[in-house]
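In what follows, a single structure is set out as structure tokens and then discussed.
Each value in this text was obtained by applying a stated rule to the coordinates, not by laboratory testing. Since the model is a prediction, treat every value here as computed from it, not as a measurement. So basically every Cβ, Gly included, is an ideal-geometry build from the backbone, and we count neighbours across all protein chains shown.
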């Protein structure tokens, strides 16, 4: 194949995809979602952003029924929080740990081109 200025470019034959893996470091925040009643942990959330887990995070890591309940529940009243948290309805999240971790990410490379002058 020739370019507009007359150079010949080799078109690569079909073949395996070209990719490279890169390793990135990030902070992983581990949260637990627990029931107010008896403090039972129902799921673990691992997220890569600061702040509490988002609803999307909860849907990704917990059962759908847990995510729906957490989304729709009313906040626990302050008086109940002060005196008897086990009377609160639904779920709560709390941060368990944060760690620097490495993740391997595949990157698709452009096809190789060879140009002859």
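Summary of computed values
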| read-out | value |
| --- | --- |
| Strands (runs of 3 or more DSSP E) contained in the range 11-117 and holding at least 3 residues surrounded by 10 or more Cβ atoms within 10 Å (Cβ to Cβ) and either out of contact with any helix residue (DSSP H, G or I) (no Cβ under 8 Å at 6 or more places or on another chain) or at positive phi (or both) | 19-35, 91-108 |
| Enumeration of residues in the range 61-93 that are within 17 Å of the chain's Cα centre (by Cα) and in contact (Cβ under 8 Å) with a residue 12 or more places away in the chain | 61, 62, 63, 67, 93 |
